[in-house]
1. Can you tell which of A:Lys32, A:Lys56, A:Lys18 is at pLDDT 95 or above and within 14 Å of chain B (Cβ to nearest Cβ)?
2. Can you pull out the strands (runs of 3 or more DSSP E) entirely within the range B:168-266 that have at least 1 residues that are modelled with pLDDT of 95 or more, surrounded by 23 or more Cβ atoms within 10 Å (Cβ to Cβ) and not assigned by TED's automatic domain parsing to the domain that holds B:Ile148?
3. For the range A:117-156, which residues satisfy the criterion of being assigned to a helix (DSSP H, G or I), in contact with a helix residue (DSSP H, G or I) (Cβ under 8 Å, 6 or more places away or on another chain), within 18 Å of A:Val10 (Cβ to Cβ) and of a type in the set (Ser, Thr, Tyr)?
4. Can we say B:Val23 is of a type in the set (A, V, I, L, M) and within 14 Å of chain A (Cβ to nearest Cβ)?
5. Could you grab me the full set of residues in the range A:325-369 that are in contact with a Leu (Cβ under 7 Å, 6 or more places away or on another chain) and either surrounded by fewer than 21 Cβ atoms within 10 Å (Cβ to Cβ) or under 23 Å from B:Leu24 (Cβ atoms) (or both)?
6. Given the condition within 24 Å of B:His240 (Cα to Cα), free of Cβ contacts under 8 Å to residues at least 40 places away in the same chain and buried (at least 21 other Cβ atoms within 10 Å of the Cβ), answer yes or no: does some residue in the range B:303-312 qualify?
7. Only one of these conditions is not met by A:Glu358: (1) over 22 Å from A:Asn232 (Cα atoms); (2) more than 7 Å from every other protein chain (Cβ to nearest Cβ). Which number is it?
8. Taking B:Ser345, is it within 22 Å of B:Ile290 (Cα to Cα) and facing chain A (nearest Cβ under 9 Å)?
There are 2 protein chains.
Amino acid sequence: MTLLMESQTVEDQAIKAKKAANVLKMLDTETKDRALEKLADELEANIPYILDENAKDLETGRKKGYDEAYMDRLKLSESRIKDFSSGLRKLIDLEDPAGIIQEKWELENGLSAEKVSVPLGVIGMIYEARPNVTADAAGLALKSGNAIVLKGGSSALYSNQAIVNILHQGLSKTDIPEDAVQFISSTDRKAAQELFTMKEYIDVLIPRGGGALINAVVENATVPVLETGVGNCHIYVDKHADTEKALSIIVNAKTDRPAVCNAAETVIVHKEWLFANKDILDETLKSNQIKVHADQAAMNVLDGAAAAGEPDWADEYLSLDVAVKTAENMDDAIHHIDRYGTKHSEAIITEDADSAEEFLNRVDAAAVYHNASTRFTDGSALGFGAEIGISTQKLHARGPMGLPALTTTKLKLKGNGQIR
Amino acid sequence: MTLLMESQTVEDQAIKAKKAANVLKMLDTETKDRALEKLADELEANIPYILDENAKDLETGRKKGYDEAYMDRLKLSESRIKDFSSGLRKLIDLEDPAGIIQEKWELENGLSAEKVSVPLGVIGMIYEARPNVTADAAGLALKSGNAIVLKGGSSALYSNQAIVNILHQGLSKTDIPEDAVQFISSTDRKAAQELFTMKEYIDVLIPRGGGALINAVVENATVPVLETGVGNCHIYVDKHADTEKALSIIVNAKTDRPAVCNAAETVIVHKEWLFANKDILDETLKSNQIKVHADQAAMNVLDGAAAAGEPDWADEYLSLDVAVKTAENMDDAIHHIDRYGTKHSEAIITEDADSAEEFLNRVDAAAVYHNASTRFTDGSALGFGAEIGISTQKLHARGPMGLPALTTTKLKLKGNGQIR
């Protein structure tokens with residue numbers, strides 16, 4: 001189990017992955033599930049090794065002066081590694097997304113047609129620090145019959161390589177070729193860029209991480225991309241909003257996990273509601289340590305609010321900061337969302353059913369909410385069982401993506417000599 | 001009705017389309033269908049005007065010395081224009097792909113969730129000569145609740161502009177904003193390129209035309225692309241192929257319409273079948289004016305065949321030429337398809353059910369056939385009612401795309417104060 005195998009190029013690895021994908025796609029569900037079980041066992045049996053390798057990354061991280069939050073994401077523990085293995089075991093209980101006949105029909109000439117789900121082939125996963133993505137993504141790919149090429153962040157290099165080494169050791173005892181999981185150990189940025197255009201071998205790229213990473217992939221890749229992540233989410237508090245619901249949803253959407261993509265970043269408040277509820281809103285935000293950046297009208301009533309500028313409207317805070325915009329009416333609110341939203345999750349708080357319906361229909365986003373927190377845009381919260389990421393694009397899959405997002409379809413046509 | 005309105009930029013037009021899309025997506029099916037009816041009427045009432053404008057394109061084409069086939073695609077007639085209007089009327093009978101509740105469930109906390117189909121928004125269509133795309137694409141977009149920005153080939157500029165003028169005249173009498181159909185009249189190549197990166201206003205780009213056009217879009221666009229078109233399709237004649245079926249399918253797939261993407265370009269023949277059927281194969285190809293480019297083994301038995309080189313295997317002929325490769329076995333055939341195929345349509349001819357099943361499962365293509373012609377990969381042949389194009393990609397839609405390919409989904413979540 002050596003860390004660096006520089007003799008093979010990224011292209012070599014992609015070719016191996018494609019060959020493995022051609023074997024993997026022919027395996028039945030039971031064979032894939034048995035392999036997942038074996039991988040989970042193997043991870044659990046090798047916790048000390050993985051922790052030793054993780055310690056190397058942590059040491060480098062400390063030397064480089066990474067902040068506490070970053071170090072926490074990087075740090076593995078026995079229980080975190082057991083989460084990886086239980087994640088793999090959970091996949092066993094989920095329906096195999098490949099091999100499902102979605103439609104079946106017969107043409108007048110007797111040609112029989114069926115549209116069946118099949119694995120995409122080879123998935124390229126490009127991600128930042130968290131080593132949990134390594135085990136999770138490999139599991140999701142294998143369950144759905146896909147090979148995967150992993151390119152993780154260099155700060156977690158030893159941890160990721162250790163996890164992949166254990167996965168390979170596990171795969172060697174199964175019918176899935178070890179080559180189905182490829183890990184690019186080069187820390188050269190060019191290694192990731194090579195994946196961007198490798199259309200011959202890579203069927204889809206999934207970037208997981210910050211906006212800069214995602215944009216780099218979207219802007220430079222010719223391989224199709226499943227875009228995930230950025231969520232500049234809004235909560236619109238309508239004139240007819242219930243005060244208690246509005247406050248509890250604002251607090252939850254802002255403070256439950258401020259750094260995730262479905263957290264709220266801007267609250268748009270109808271001017272009449274704001275005026276009627278200014279004291280309790282002010283008090284609620286303060287008591288929850290929420291720092292307010294507001295437009296002029298909201299600054300006038302929210303004590304201590306800073307003046308909001310263009311970046312406050314346009315960017316994610318991913319912190320306990322919130323932007324507050326005053327709206328004349330719902331049109332005003334929707335125009336603001338149209339301009340600054342990232343089509344992720346948008347909510348309206350109102351007791352008026354017509355306004356709610358109009359908002360849900362007009363706002364263009366993966367998930368739209370009436371009287372609920374934007375935090376529910378999440379595969380596990382919505383009951384999908386597993387999540388590859390949250391798509392913010394419109395093609396292929398939108399919103400939280402479960403296993404079916406890792407499949408495509410194939411038309412199988414069976415005849416006895418039909419011609420046109 | 002002026003031809004050039006250079007005062008507005010491509011961006012102006014895209015912004016107008018986006019605004020129109022926001023109105024259009026709120027319209028019900030009946031309103032959209034009434035508008036399609038009006039557009040069909042208007043086209044029929046203005047045939048002489050469209051033919052006059054078409055004559056200008058034909059004159060330019062003659063001066064430029066375009067070939068007969070090209071001129072034929074460019075030429076409109078009363079009956080061709082009536083095909084446009086009957087195409088629009090046919091859309092009325094098809095199910096509206098937007099507004100369909102695909103899934104509906106309730107979380108334990110009482111939050112109700114539904115996944116509903118919604119229009120993509122604004123479609124950018126970039127296409128070459130044929131003016132029929134102008135009317136067809138506009139109709140498909142409007143039926144599915146989308147606005148469209150059209151950028152047609154400069155050789156059909158007057159014809160396309162005339163059709164759009166009539167569509168605008170028709171739309172002005174309906175509830176659909178005229179701006180929902182935008183036509184870029186600039187012949188500057190940069191105008192099309194501007195669409196490539198206009199992510200803020202354009203939701204998807206659909207290129208229709210030759211490989212060079214499609215590649216230019218795929219390689220340069222940051223707007224998501226629905227890739228259509230290139231089909232380097234193979235017919236594998238297995239050792240156990242029925243002679244009559246094999247010959248009739250080869251002739252049909254090659255000669256019925258050689259210039260379309262689902263035509264066969266290479267026939268892969270099992271060496272034993274070739275030896276047993278060499279005379280009748282030779283005779284059949286000759287009597288159908290099919291020009292053969294073959295590998296050494298096939299050249300030995302097919303009289304007058306030219307030697308095939310790399311381009312014969314890799315490129316579409318789109319003519320009565322065919323490449324013939326001899327295969328040792330099915331593995332050999334599938335490796336050839338893996339290497340040279342474009343994942344469009346691939347067929348096996350055999351009486352052996354196991355071989356057929358293996359081929360259908362192993363070959364990676366949008367459509368795979370057993371004992372039938374590849375020519376059936378087509379929306380109308382498969383009964384889809386309307387076709388935007390044939391997707392050769394794996395994400396979003398694969399194979400012939402009907403109206404549902406012009407929609408995405410939205411999660412609508414309705415609660416009474418739920419937080420996480």
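The values are calculated or read from the model by the stated rules, or taken from the named source; none is laboratory data. All of these numbers come straight from a predicted model, not from anything done at the bench. FYI the Cβ positions are ideal-geometry reconstructions off the backbone, even for glycines, and counts take in every protein chain you see.
1. A:Lys18
2. The strands (runs of 3 or more DSSP E) meeting that bar are B:233-237.
3. A:Thr134
4. Yes, satisfied.
5. If the condition is that a residue be in contact with a Leu (Cβ under 7 Å, 6 or more places away or on another chain) and either surrounded by fewer than 21 Cβ atoms within 10 Å (Cβ to Cβ) or under 23 Å from B:Leu24 (Cβ atoms) (or both), then A:Ala366, A:Ala367, A:Val368 are the ones that fit.
6. Of all residues in the range B:303-312, those within 24 Å of B:His240 (Cα to Cα) come to B:303.
Narrowing the set further to residues that are free of Cβ contacts under 8 Å to residues at least 40 places away in the same chain leaves B:303.
This time we only want the ones that are buried (at least 21 other Cβ atoms within 10 Å of the Cβ), so: none.
There is no residue in the range B:303-312 that is within 24 Å of B:His240 (Cα to Cα), free of Cβ contacts under 8 Å to residues at least 40 places away in the same chain and buried (at least 21 other Cβ atoms within 10 Å of the Cβ).
7. Every listed condition holds for A:Glu358 apart from (1).
8. yes
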